[in-house]
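J.: Dropping the structure in here first, questions after.
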Ligand code: GLN
C-alpha cells in the first residue's frame, strides 16, 4: 500500500503513527513545492491546520471516520464557505462562496481537511486544463504535457502526491479523462447520485460530481461519503450509497463485460497494447468478454456539443454584472453593462459555448439542432439499455491518446472536443463510469473505462478493485522531476 493513498493515511492515523496536523503540514509543503504545476488556485493553510487540529481532537475522542484528518482538495467549482470560488473564470475572480456545496459539507462533517481549491478549465469547459483564466495546470508525469481537463488540478494534485484524493466534476469526461492522463482512478457516478447543490452549473442535465484518487478503494471511500440523496438538489436521486467495503465487494468472476471493438480500433496505436492486456487481465479474473457494438455512440460528440452549450448558455446568463460576478467600470447604460461585463469576464471557450448554445436554442434552429440532439441522446440511452440486457458492464478506452503536449490542441477546439468521444456517451445516458490505469505508453499513463447500468457504481468499483489487486499500474508514481520515467 503506497503511503500517499487515502487508505494508508487513514490506517496510519488510526494506528497513531501520524497526526492530522502532520499530514496537513506535509500536504501544504508539497503543494508549495509543486507550485509550478499550477494545480491549486487557492491554498488555505490557516483553515486547514485548524481543521487538522480539530480532527486530531476528534480522533482522541473516539469519533473519527476513515476520512477524519485526511488532507483533501476540491475543484474550484464547488462552493466552500468563505473561500474564493472562481470556476477558474475572471467572472468570479473575487467571489467568495457564502455556503458549502453538499459534497464539501459532507467531507467537512466527516472530518476531512480541505487544504485548497483546484484549478480547472473555466466553468469546466475543456479537456486539457488550458482554458483556465489563471493559467494551465501541468501534468506531473511530464510537465510539458496537459493533465487533462476539465478537472485538471484535481488530477495533478493527486498525481503529484500532494493529497490522496480530490473531488472533480464530469459533464462529458472531466473526471475520467484527467484520471486517465494522470494514472489515477476516477469515478463519475450515476447522474443524480452526488448532489449538485453548491456545484457551479455548466450543463445541468449532465453535470455530476465525483472523486479522483490512486485506487478504486480510495474512490469508493470518497463516493460513499459524498453520494446519496440531498433534498437541496431536486434532481438528486433517491436512496443512499453503500459503504466503501460493500461497494468493493461485488463478486466479479462470472460477470460479462461488453467490449465495443470499434472503440478499441479507434484509439492511437500506443494505447492498443495496454488496452488489450487489460482485457486479458479481466479474463484472468474470471470475467467473460463479449464483443458488441453501441450504435449511435459515434454521434455522441455532436449531440453533446449542441446540448451542453445550450444548457450552458442558459446557466451562464445569470452572470450579468448586476447580481454577482465581474462588473465593468463605468457602464454607459444597461446594455453596455451586460456587454462589457460579460465580454470582459468570460474567456474565449466560454463565449464560444454561449454563442453556439444560444444559436441552437433560437427560434427556427431549435428543432434542427436542440431537438435533434435530444433525439440522438435518447438513441444513445436506448443503445446502452439494449447492451446491458446482454452484458453486466462495459469496457472502453477512456481517451483516444495519452496526455498530449501543452498547446498542441489549443487552437483547434474541434480536435479538443473529439478528446471526449469515449466519455461523453456515459454522460448523455446518465450512466456511472470509471477510468482506471491499465498501463503505460512511453512513460505516460493509459486509462481504461468501465461503465455499468444506473446506480451500479459498486459493480465497476469492484471490477476496478479486483483489477488493481492483480496489477500494479496504480502503484506507479511520476519521478520527482516530473520527467518521463
Ligand atoms: N471536455 C468536455 C467539454 O469541454 C467535458 C467537460 C466536462 O466534463 N466538464 O465540455
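J.: Among the residues of region 398-419, are any surrounded by 24 or more Cβ atoms within 10 Å (Cβ to Cβ), within 14 Å of the ligand (Cβ to nearest atom) and modelled with pLDDT of 95 or more?
T.: For region 398-419, residues surrounded by 24 or more Cβ atoms within 10 Å (Cβ to Cβ), within 14 Å of the ligand (Cβ to nearest atom) and modelled with pLDDT of 95 or more: present.
J.: Just one of 122, 81 is within 26 Å of residue 193 (Cβ to Cβ) and surrounded by fewer than 23 Cβ atoms within 10 Å (Cβ to Cβ); which is it? Steps first, please.
T.: On the way: 122 fails: surrounded by fewer than 23 Cβ atoms within 10 Å (Cβ to Cβ).
Exactly one residue qualifies, and that residue is 81.
J.: If you don't mind, another one. Only helices (runs of 4 or more DSSP H) wholly contained in region 237-351 count here; list those with 1 or more residues that are modelled with pLDDT of 95 or more, away from the ligand (no atom under 16 Å from the Cβ) and closer than 27 Å to residue 412 by Cβ. Walk me through it before giving the result.
T.: Details: elements: 244-247, 261-265, 269-284, 300-315, 334-345.
It comes to 261-265, 269-284, 334-345.
J.: In region 155-180, which residues are more than 14 Å from residue 435 (Cα to Cα) and either within 11 Å of the ligand (Cβ to nearest atom) or in contact with a strand residue (DSSP E or B) (Cβ under 9 Å, 6 or more places away or on another chain) (or both)? Let's see the steps before the verdict.
T.: Narrowing region 155-180 to residues more than 14 Å from residue 435 (Cα to Cα): 156-167, 171.
Scanning region 155-180 gives 156, 157, 158, 159, 162, 163, 164, 165, 166, 167, 171.
J.: Quick check: is even one residue across region 199-207 in contact with a strand residue (DSSP E or B) (Cβ under 7 Å, 6 or more places away or on another chain), within 12 Å of the ligand (Cβ to nearest atom) and in a loop (DSSP other than H, G, I, E, B)? Write out each step before concluding.
T.: The first filter runs over region 199-207 and keeps only residues in contact with a strand residue (DSSP E or B) (Cβ under 7 Å, 6 or more places away or on another chain), leaving 199, 207.
Still in the running and within 12 Å of the ligand (Cβ to nearest atom): 199, 207.
Applying the additional criterion that residues be in a loop (DSSP other than H, G, I, E, B) yields 207.
Checked against the condition, which is being in contact with a strand residue (DSSP E or B) (Cβ under 7 Å, 6 or more places away or on another chain), within 12 Å of the ligand (Cβ to nearest atom) and in a loop (DSSP other than H, G, I, E, B), region 199-207 yields at least one hit.
J.: Out of all the residues in region 212-235, is one or more within 19 Å of residue 175 (Cα to Cα), surrounded by 21 or more Cβ atoms within 10 Å (Cβ to Cβ) and within 16 Å of the ligand (Cβ to nearest atom)?
T.: yes
J.: Confirm whether residue 47 is surrounded by 16 or more Cβ atoms within 10 Å (Cβ to Cβ), out of contact with any helix residue (DSSP H, G or I) (no Cβ under 9 Å at 6 or more places or on another chain) and either part of a helix (DSSP H, G or I) or modelled with pLDDT under 95 (or both).
T.: On the way: surrounded by 16 or more Cβ atoms within 10 Å (Cβ to Cβ): yes; out of contact with any helix residue (DSSP H, G or I) (no Cβ under 9 Å at 6 or more places or on another chain): yes; either part of a helix (DSSP H, G or I) or modelled with pLDDT under 95 (or both): yes.
Yes, satisfied.
J.: Shifting gears a bit: List every residue pair whose Cβ atoms sit under 6 Å apart, with the two residues 6 or more apart in sequence or on different chains, where the first one lies in region 374-397 and is closer than 14 Å to residue 427 by Cβ and the second, anywhere, is in a loop (DSSP other than H, G, I, E, B).
T.: 380/296; 396/422
J.: Here is a further query. Please pick out the residue among 23, 67, 72 that is surrounded by 17 or more Cβ atoms within 10 Å (Cβ to Cβ), touching a residue at least 24 places away in the same chain (Cβ under 8 Å), in a loop (DSSP other than H, G, I, E, B) and in contact with a helix residue (DSSP H, G or I) (Cβ under 9 Å, 6 or more places away or on another chain).
T.: Answer to the check: 67.
J.: Shifting gears a bit: So for region 128-147 (the condition being crowded, with 24+ Cβ neighbours inside 10 Å, within 15 Å of the ligand (Cβ to nearest atom) and within 23 Å of residue 431 (Cβ to Cβ)), does at least one residue qualify?
T.: no
J.: Among the residues of region 432-470, which ones are within 16 Å of the ligand (Cβ to nearest atom) and closer than 16 Å to residue 259 by Cα?
T.: Narrowing region 432-470 to residues within 16 Å of the ligand (Cβ to nearest atom): 432-435, 447, 449, 451.
Residues satisfying the conditions are 433, 434, 435, 447, 449, 451.
The values are calculated or read from the model by the stated rules, or taken from the named source; none is laboratory data. Just so it is clear, the structure is predicted and the values come from calculations on it, not from any experiment. For neighbour counting, all protein chains shown are included, and Cβ atoms are generated from backbone atoms with ideal geometry for every residue, glycine included.
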